[in-house]
Each structure stands twice: as C-alpha cells, then as structure tokens.
Amino acid sequence: KLPGLFAVLFEKEHLNYFVEILSSSSSNIRQAAREVIINNAQKIEATELVSYLKENTFYARKNIADIIIIKDDPKVVPAVAKLYKETNDEALKKNLLPILKAFPAPTTKELLMSIIEKGSYWERSAAVELLKSYNDPQVITLLEKLLDDKDIPTLKNAVDSLGMMKANSSAIKMVKLIEHDDLILRQKAVEALQKLTNPVIIPELIKMMKSTNVNTRRAIVELLNSIKDEESIKALIHSLEDDDWWVREIATDALTQSQDQMIPEMLQKLLHVKNVAVRQCAVTFFSKIRAPYVLKDLIVLLDDPEWMIREKSVAALSMINDERAIPYILKKASDNYIKHSLPTYLLLFDKEPAIKGLLKLLEIGDNDVVLSCLKVINRKVITEAIPILKKIGANAQFEVQDQINNTIRILSGDKDINTYQQGWRD
C-alpha cells in the first residue's frame, strides 16, 4: 500500500519531504520513496536533485545519485562538478563520482584530470579508472606519467586504463612494471601489454630474460607469445634453454600455437642437441603438430636416454600417422618407462595398421603391456584380439588371466566367465 499512498501524495513542491524519507531506517520506506521520485522524474529538474546531495545522509545521497543517473540528463554535469570542487566531504565525493562516470563530457574530463594532479590517493585512483572512457592524447599523456607513481592502486588503474585504450606509446614504460614487487600489478602490466602487442618492447624483453626472477621470465614469455613476429619467435626459441620448467613449457605452447612456417624447421634442428631440456621441448612441440618430415628424427629419439623424450617421440609419431613407424614403436614394449602408454598411441594410427600393431604388442605377452592393451581393446571393442587373448592367457599371471577372461567375455558375448580361465589353470 505504501507505494500507492506515496504516488497519491507526491507533488513536485513536496519533493523535499520525499527526499527526507530516503533517509529512513526502513528499507521498505526508502524503496517506496525512491520509486515515487523515479516515476515523477520528468517533473523534476536534475539540478534540483543535485542540491539535495549536499546536506543529506548516506542512504539519501546514494538514492539521489542513482535517481540522477536514471534520469539521464547530461545538463547535470556542471552542477555536480561544481559541488565536487566545493566540498571536502569524502563520502559526498564518493556519491558524486558515479554521476560523473555516467556522463562523459569535457567538464567531467577536466575535473578528473585536476583530481589526478591534486586529489587524495583514493580520489586519484578513482579518477584514473573513470578517465579510461576518454581515449584522447591528453588523457593518455597524463596516465603515462602515472606509470612512475608510488601509489599502487593508482598505478594499477593507470595500467588497466592504458591497456584498454591500446595506448602503444606507453609500452616501453609499462614493460618495466613486470619486475614490480606487487604481484597483482605485474599481472595487470602483462595483461595490458598483451592488448598492446607492440613489438618495440622486444629488445627490452630480451634483456630482461637475464633476470634471476623466474616470475619475470615467465611473464616475458607470455608477452613474446602475444606479439608474434620474427624477433619474438627467436626469443621464444631461446627461452627453451631456460632453467625454469614453466618458462620452457609456456614457450613451447606459444610456439605450437604460432602459424609461422619457420618454427618447425628451427625446432627440428633442436631435436638432437645435447641439452636435454631443449630436446624435450622440441619433441613436445612435434607431439602437438603433424610433421611427417621429422619421422626419421623421431625414430632416432625412441632410444633417447631420457624416458620423457622417448614417450613424447611415440606421441609425435602417432601424430604423423605413418605405419612405417609402428615396428619401431613395438620394439619399445620392453621399455619399462613408456610401455604402458604404447597401446593408446598405437590406436591413433589408421585403423588397420593400428589394430595389427596392437595385436603384435599383445603377442609379446608382457603382463603390464597386456593390461594396458586390454583397456584399449575393451574401450574400442576390438574383436580381432580374441584368438590372441586365448593363446596368451595360459602363460599369464592369475590377475592378468582374470582381466583377459573378462575381455573375451565382453568381446564374444560368452556369459560363462570361467570357461577359458579354468582351462588355463587346469
């Protein structure tokens, strides 16, 4: 009933009474007063509403500010700017800033720029945030000056704003911030620089790769990936030698995502270098793209001393999908480090050679390899495996016999689960 009662009582001349009600401790009463003022907003001058901001409580100010924004009358800006300049009340200023944000105008821009020059820390930080909607050289120049500011919140907002404005002129200065002690600021600087993608920072990034701070080097690799030109690619390849595994991984992923045709050729040369970490990055790269021309290189790497390189080589060969590689992969059935993964990779080849390879792997009879093969056979329902499973079951361990027996039952539909197992054991 209250909204209806207020609607009947409302007259423009009574606005001050309804503004007073906006200070009520009851949220229902405040909401009813707010609604009736909004519904009659066309009868009220926006500047008149501004006059009520100065002397009222927090609740009233907040609601009046919201109503002014809803009324959407840009003519209110001079009055709001004037009030902002005149008051020292921080709470009131916090109510006025959202209004200024809602109405971008030359007057608003001038006020925000003056706040940055003379305002308190919180005012400056808020003003920087609001200025990002004014993408003009004057504002960019001012925000670039703030990249030397000591106040972290102001600095963060300046970085955000310059990134959103795509202010390329700020890139050189901003790149220094990825070495800052503040984690959030470093992340914001990286995000902003990724939006700029300005190659002018590459020489500086290459210098900074010598930093002892691993977080700095990781950030640099992310930035090099966003730039994507010849110099950044060379720098990414150089990053494969970094001591930090994450730097190497980010660089490898970045190179994989690039469409530059020079990258595979450069990475092929790294498949046989002495540095184990670099070899691993190179083979990881080829495990994510199809590159038939490295077939022979990968076959050689199947005998690499490092097991992770051997496994990645199998993965890369499966990407190439050349059945000539299958005999070499089968020879790794005795490799205790990678034999469990062989069945999965074999099935990535074309169906006929893949099944032939899997059956040959199954015939080898290694219990661990058999168990890995069974998982793949069950999942893909490879009925061609039944004769070999019957043959190898007799010499398998009891636990493996159980699994073989289950697989035969699944593939053949034989419900007598013990038929073959009992025969083997007899």
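Please report, in debye to the nearest 20, how large the charge dipole of the chain is about its Cα centre when each Lys and Arg carries +1 at its beta carbon and each Asp and Glu carries -1 there. Write out the running numbers ahead of the final one.
Working: 58 positive and 59 negative charges, 81 e Å.
Using only the charged Cβ atoms, the result is roughly 400 debye.
Ignoring ligands, DNA and RNA, what percent of the 1.4 Å accessible area of region 123-200 is carbon and sulfur?
Numbers: 1810 of 3410 Å².
Carbon with sulfur: 53 percent of the solvent-accessible area.
What is the chain's relative contact order, in percent, from Cα pairs under 8 angstrom and six or more apart in sequence?
Values: 510 pairs, mean separation 23.0, N = 426.
Value for the chain: 5 percent.
To the nearest 10 degrees, how steeply does helix 183-196 sit against the main Cα axis of the chain, on a 0 to 90 scale?
Result, in degrees: 90.
With every protein chain left in place and a probe of 1.4 Å, what is the accessible surface of residue 51, to the nearest 10 Å²?
Rounded to the nearest 10, that gives 80 Å².
Could you please state how large a percent of the accessible area of region 366-411 is carbon and sulfur, counting protein chains only and using a 1.4 Å probe? Numbers along the way, then the final one.
Values: 1110 of 2300 Å².
That fraction is 48 percent.
Tally Lys/Arg at +1 and Asp/Glu at -1 over every other residue whose Cβ is under 12 Å from the Cβ of residue 260; what's the total?
Details: positive: 228, 234; negative: 229, 230, 231, 265.
Result for the local shell: -2.
Using the heavy atoms of the protein chains alone and a 1.4 angstrom probe, what is the accessible area of the chain per residue in square angstrom? Let's see the in-between values first.
Values: 21740 Å² over 426 residues.
Value for the chain: 51 Å² per residue.
Rank these residues by their accessible area, most exposed first, probe 1.4 Å: 370, 200.
Values: 370 5, 200 75 Å².
Heavy-atom accessible area, descending, gives 200, 370.
Compute the signed sum of charges (Lys and Arg +1, Asp and Glu -1) over the other residues within less than 11 Å, Cβ to Cβ, of residue 277.
Working: positive: 248, 274, 279; negative: 241, 242, 243, 244, 249, 306.
Around residue 277, the surrounding residues sum to -3.
Kindly identify region 172-256 as rounded, prolate or oblate by the Cα gyration tensor criterion: order the square roots of the eigenvalues as a ≥ b ≥ c, call it rounded if a/c is under 1.5, otherwise compare a/b with b/c, prolate if a/b is larger, else oblate. Working shown, then result.
Working: a/c = 1.59, a/b = 1.17, b/c = 1.36.
The shape class here is oblate.
Measure nothing but the geometry: give the 0 to 90° angle between the long axis through the Cα atoms of 398-412 and the longest principal axis through the Cα atoms of the chain, rounded to 10°.
Computed tilt is about 80 degrees.
Excluding ligands and nucleic acids, what accessible area in Å² is computed for residue 284 using a 1.4 Å probe, to the nearest 10?
The accessible area comes out at roughly 20 Å².
Might you work out the accessible area of residue 340 for me, using a 1.4 Å probe with all protein chains in place, and round it to the nearest 10 Å²?
Counting only protein heavy atoms, residue 340 exposes about 90 Å² to solvent.
How many percent of the accessible area of region 1-47 is carbon or sulfur, using a 1.4 Å probe? Each step should come with its number before you reach the end.
Values: 1480 of 2860 Å².
So the carbon and sulfur contribution to the accessible surface is 52 percent.
How much net charge surrounds residue 247 when only the other residues with a Cβ under 12 Å from the Cβ of residue 247 are counted, with Lys and Arg +1 and Asp and Glu -1?
On the way: positive: 217, 218, 248; negative: 222, 241, 242, 243, 244, 249, 253.
Summing Lys and Arg as +1 and Asp and Glu as -1 gives -4.
Candidates (i) 0.95; (ii) 1.59; (iii) 1.24; which is the computed Cα Rg over 2.2 N^0.38 Å?
(ii)
Using Cα pairs under 8 angstrom and six or more residues apart, how large is the relative contact order of region 295-423, in percent? Walk me through the numbers before you get to the answer.
On the way: 144 pairs, mean separation 21.2, N = 129.
For region 295-423, the relative contact order is 16 percent.
Does region 141-214 come out rounded, prolate or oblate by the C-alpha gyration tensor, with a ≥ b ≥ c the root eigenvalues, rounded set by a/c under 1.5 and, if not, prolate when a/b is larger than b/c and oblate if not? Provide the component values of the computation, followed by the final result.
Numbers: a/c = 1.81, a/b = 1.20, b/c = 1.51.
Oblate, because a/c is 1.5 or more while a/b does not exceed b/c.
Return one number: the angle in degrees, 0 to 90 and rounded to the nearest 10, between the long axis of the Cα atoms of helix 121-131 and the longest principal axis of the Cα atoms of the chain.
For helix 121-131, the angle is close to 80 degrees.
The values are calculated or read from the model by the stated rules, or taken from the named source; none is laboratory data. Predicted model only: the values in this text are computed from it and were never measured. Reconstructed Cβ throughout: ideal geometry from the backbone, glycine too, with neighbour counts over all protein chains shown. Surface areas here come from the heavy atoms of the whole protein model, side chains and all, with no ligands, DNA or RNA. Shrake-Rupley method; radii C 1.70, N 1.55, O 1.52, S 1.80 Å.
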